[in-house]
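Data block below; observations after.
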Amino acid sequence: MFRLLTLAWLLVLLPAASGLALTNNLALTPPMGWNSWNKFSCDVSEKLIKSVADAIATNGMNAAGYQYVIIDDCWQVGRDADGNIIADPVRFPSGIKALADYIHAKGLKFGIYSCAGTNTCAGRPGGLFHELQDARTYAAWGVDYLKYDWCNHASETAQQAYSRMRDALQQSGRPMVFSICEWGQSRPWLWATNVGNLWRTTSDIQDCWDCRRDWGGMGFTHILDLQAGLEAFAGPGHWNDPDMLEVGNSALTDTECKSHFSLWCILAAPLITGNDVRNMKPAIQHILTNRELIAVDQDPLGRQGIRVLKNGETEVWMKPLADGSRAVVFFNRGAVPVEISVTWEDLGYPGKHRATVRDLWAEIELGKFKNQFSATVAPHDVSVVRVTP
């Protein structure tokens, strides 16, 4: 077995390097919420967003930690004579502020989408040359979260464009989580800790296990591979973003959804679900509201998990937690069941000691184990445990 005992895992055990983080004191744990794009694309409306907010407030998702309701592209149709952004009056007849007020009254937070270009990716008005004006509008509306895309941008660097919007948000008078969505093209993890609260690391996720699109979209296993090596750049207030969850959409099996969610939690990824939360089958609701997996994602230490072992189609990912324990995912990409093992040394512990192991999906204690632990994992499945010395 190839053991990846390198400097990479040591980095996640050490205190985060002192650097300039965005000083809005937001997203100290990875943001959790819902976004309209993966399921509804441009088919957004006031009625839809209200019904989603109603569901999140009552179906256990808000109680589990989901708080942001985010409208993605296509809510905007133009600008008025003074350059103010205009919401679609047919689809949003009450206006965006009234919608934000409705969501806030549910105990939730409201997010919106724009773009650093002249037009959004769907061809709607973008934010270029209107940053200060838009930021003030969003603040007046009660926006809590801005996702900012990268289509149709000017001939400037992403760092310049996103820094300008950061400054506009900071001058707006309202704290807003700033989500950078430039698809990892300029390696934002190298510069964005002083600009945004989270930054996309890849092109768009697709509702599939391992597909690839000619324009760059990819299944979640490909995105997972691209997170290895980025762990040193994530921490409280600034997160690597491997894109939204496809859990509960049509192409992934329930087992694959379980794996997808588990691995996003071990990555300390933002948990922004993209399914129809109004009509979830019990298996999907159980995945999205698993308190013990969510606690791993939201752990206050803020460490992104790393891949410590890889052997063909089998992998082990590990995330250090604030109490000194480790969350561990045994992942089987293959087509047959397989036993996967990890030693305490692989997890950064001394060998020949006993540790308590808890199964986070079964929610049971498995007992004390000396030096190592093994799990038999079904195809495309995971086993997730917490190891406490």
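The values are calculated or read from the model by the stated rules, or taken from the named source; none is laboratory data. Keep in mind it's a predicted model, so treat the numbers as computed, not measured. Cβ sites come from the backbone with ideal geometry, for glycine too, and all protein chains shown count toward neighbours.
Restricting Asn35, Asn59 to those that are at pLDDT 95 or above, of a type outside the set (A, V, I, L, M), in the same structural domain as Arg166 (by TED's automatic domain parsing) and out of contact with any strand residue (DSSP E or B) (no Cβ under 9 Å at 6 or more places or on another chain) reduces the list to Asn59. When the residues of segment 298-319 are filtered to those that are in contact (Cβ under 8 Å) with a residue 24 or more places away in the chain, among the hydrophobic types (A, V, I, L, M, F, W, C) and over 15 Å from Ala375 (Cα atoms), which remaining residue is surrounded by the fewest Cβ atoms within 10 Å (Cβ to Cβ)? Step by step, filter segment 298-319, then rank; the result is Val308. Is it true that Ala268 is on the phi > 0 side of the Ramachandran plot and within 16 Å of the chain's Cα centre (by Cα)? Criteria met by Ala268. Among the residues of segment 233-250, some residue qualifies, meaning at least one is out of contact with any Leu (no Cβ under 8 Å at 6 or more places or on another chain), farther than 29 Å from Pro320 by Cβ and at pLDDT 95 or above.
Just one of the numbered conditions (1) crowded, with 18+ Cβ neighbours inside 10 Å; (2) touching a residue at least 40 places away in the same chain (Cβ under 8 Å); (3) in contact with a Cys (Cβ under 6 Å, 6 or more places away or on another chain) is not true of Thr201: (3).
Scanning segment 136-163 for residues that are in a helix (DSSP H, G or I), of a type outside the set (Ser, Thr, Tyr) and in contact (Cβ under 8 Å) with a residue 40 or more places away in the chain yields Ala140, Trp141, Ala158, Ala161. Note on segment 228-264: residues that are under 14 Å from the mean Cα position of the chain (by Cα), among the polar types (S, T, N, Q) and surrounded by fewer than 24 Cβ atoms within 10 Å (Cβ to Cβ) amount to 0.
For segment 322-347, residues that are closer than 30 Å to Cys208 by Cα and either surrounded by 22 or more Cβ atoms within 10 Å (Cβ to Cβ) or out of contact with any Gly (no Cβ under 8 Å at 6 or more places or on another chain) (or both) total 16. Only strands (runs of 3 or more DSSP E) whose full extent lies in segment 330-389 are considered here, and the ones with at least 3 residues that are touching a helix residue (DSSP H, G or I) at 6+ places or on another chain (Cβ under 7 Å) are 382-388. Restricting Leu14, Leu22, Leu10 to residues that are surrounded by 19 or more Cβ atoms within 10 Å (Cβ to Cβ) and modelled with pLDDT under 95 narrows the list to Leu22.
For segment 274-289, the set of residues classified as within 16 Å of the chain's Cα centre (by Cα) and not in a helix (DSSP H, G or I) consists of Gly274, Asn275, Thr289, listed by residue number.
Determine whether Met218 is in the same structural domain as Asp149 (by TED's automatic domain parsing), crowded, with 24+ Cβ neighbours inside 10 Å, in contact (Cβ under 8 Å) with a residue 12 or more places away in the chain and in contact with a helix residue (DSSP H, G or I) (Cβ under 9 Å, 6 or more places away or on another chain).
no
What residue, of Ala295, Ala322, is without any contact (Cβ under 8 Å) to a residue 40 or more places away in the chain, in contact with an Asp or Glu (Cβ under 6 Å, 6 or more places away or on another chain) and not charged (D, E, K, R)? Can you show your working first?
Numbers: Ala295 fails: in contact with an Asp or Glu (Cβ under 6 Å, 6 or more places away or on another chain).
Criteria check complete, one pass: Ala322.
Only one of the listed residues (Leu48, Leu28) is assigned by TED's automatic domain parsing to the domain that holds Gln170, assigned to a loop (DSSP other than H, G, I, E, B), surrounded by 12 or more Cβ atoms within 10 Å (Cβ to Cβ) and at pLDDT 95 or above. That residue is Leu28.
Of the residues making up segment 116-135, just one is crowded, with 20+ Cβ neighbours inside 10 Å and in contact (Cβ under 8 Å) with a residue 60 or more places away in the chain, namely Ala116.
Within segment 166-188, not a single residue is among the aromatic types (Phe, Trp, Tyr), surrounded by fewer than 20 Cβ atoms within 10 Å (Cβ to Cβ) and on the phi < 0 side of the Ramachandran plot.
Looking only at strands (runs of 3 or more DSSP E) that fall completely inside segment 67-115, which ones have 2 or more residues that are of a type in the set (Phe, Trp, Tyr) and either surrounded by 24 or more Cβ atoms within 10 Å (Cβ to Cβ) or modelled with pLDDT under 95 (or both)?
Details: elements: 68-70, 76-79, 85-87, 109-115.
Output list reads 109-115.
Pairs only if they're at least six apart or on different chains, beta carbon under 9 angstrom, first in segment 70-85 and under 23 Å from Ser41 (Cβ atoms), second exposed (fewer than 12 other Cβ atoms within 10 Å of the Cβ) and of a type in the set (Asp, Glu); list them, first residue then second. Pairs that qualify, where the first residue is under 23 Å from Ser41 (Cβ atoms) and the partner is exposed (fewer than 12 other Cβ atoms within 10 Å of the Cβ) and of a type in the set (Asp, Glu), are Cys74/Asp43.
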